[in-house]
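The values are calculated or read from the model by the stated rules, or taken from the named source; none is laboratory data. On a predicted model such as this, the values are computed, not experimentally measured, just so you know. Neighbour counts run over all protein chains shown; Cβ positions are idealised from the backbone, glycine included. Keep in mind that these areas ignore ligands, DNA and RNA; they rest on the heavy atoms of the full protein, side chains included. Shrake-Rupley method; radii C 1.70, N 1.55, O 1.52, S 1.80 Å.
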Amino acid sequence: MRRTLAAVAVVLATLTFATACGDEDKPSTDSQEPKVIKVTFDGDSVTPNGDRVEVATGQDVTLEVTADQGGEIHVHSDPEQELEYEAGESTLTIQGIDQPGTVDVESHTLEKIVVQLEVQ
Ligand SMILES: [Cu+2]
């Protein structure tokens, strides 16, 4: 009589840890209104496309995004800011930037610059 050895399959459950990026909610220290910029993603184009927008130092920027598909906006400030959006309409906030200079706001999904913030 033969014995059959049952192979035991060991399933390794991989645990994924969601790392929370340190998003710190900065309390707004002044009464400055945020700058509102409407952004539309459609296919592989984006509007605006590289426009320069003046903002004051520390002024928040509100992006009113309309998108045909989800993606991510990258703000080349220091520290950098990454903002995800989904298909449809969403409102994103770029935290006020304290250092004067030009800051690119890009879509890495499209490899395009949406706006350049001129912080002054
Ligand atoms: Cu980038």
>> So if I place +1 on the C-beta of Lys and Arg and -1 on the C-beta of Asp and Glu, and nothing else carries charge, what would the dipole magnitude of the range 36-87 be about its Cα centre? I want it in debye, nearest 20.
In response: 220 debye
> Given a 1.4 Å probe, how much area per residue of the range 51-95 is accessible, in Å²?
Replying inline: 55 Å²
